[in-house]
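Let me begin by presenting the structure, written as structure tokens, before commenting on it.
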């Protein structure tokens, strides 16, 4: 039999995630299609994520908007958080049940259609002042010019021009000498 049930339950309740979240289950869209859109909003602030989703022309964006707004409402009503301080900490789409249907084909055969479903979860978190990244200090690097290389390039170009001019003279001399 199980031992220390009360202790384990108390420990789990103390460690339970206290972040606002929302989940939509059994949505009739493939999880791979949803994950493409979720990658766009991961790590964004709440209002930036809503703006990105509203301007994204994917079918999954409408479903994710509903889940994101639900998570924001949960944060405001249940946990007394402000939507201005929220950002998308985690978001993922898991596979749900797959509906299997037949597609009848010619000569008495059939193919299997798999109509996939997904479970979308969005977890928000509050931005803390410590989490804001400090401004990066730019190091000034002095650029040193290298005139020696520039001079070598100029000399090479001049010698090529001289060589081109000399070649026709040499051909003319060989032709005259051969006659």
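A short reminder: the numbers here are calculations on the coordinates, not readings from a lab. Just so we're clear, the structure is a prediction, and the values are computed from it rather than from any experiment. Cβ atoms come from the backbone with ideal geometry, glycine included; neighbour counts cover every protein chain shown.
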- Item | Order by protection proxy (mean Cβ within 10 Å, highest first), peptides 112-121, 61-70 | 61-70, 112-121
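Round to the nearest 0.05 the FRET efficiency obtained for residue 103 and residue 23 when R0 = 41 Å and r is the Cβ-Cβ distance. It would help to have the intermediate numbers written out before the result.
Numbers: r = 31 Å, r/R0 = 0.77.
Step by step, r from the Cβ atoms, then E = 0.85.
Once Rh is set to the Kirkwood radius over Cα pairs, what Stokes-Einstein translational diffusion coefficient, in µm²/s, holds for the range 1-109 at a temperature of 10 °C and a viscosity of 1.306 mPa s? If you can, show how the numbers build up before the last one.
Details: Rh = 16.7 Å.
Rounded to a whole number, D works out at 95 µm²/s.
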- Take each of the peptides 88-98, 3-13, average the number of other beta-carbon atoms within 10 Å over its residues, and list them starting from the highest. 88-98, 3-13
- Query: In nanometres, what is the gap between the two model label sites at residue 48 and residue 8, each 7 Å from Cα along Cα-to-Cβ?
  - Reply: 4.2 nm
- Task: Give me the distance in nm between label points sitting 7 Å out from Cα along the Cα-to-Cβ direction at residue 73 and residue 33, one decimal.
- Result: 2.5 nm
- Message: Ranking request for peptides 46-53, 26-33: highest mean number of other beta-carbon atoms within 10 Å first, then the rest in descending order.
- Response: 46-53, 26-33
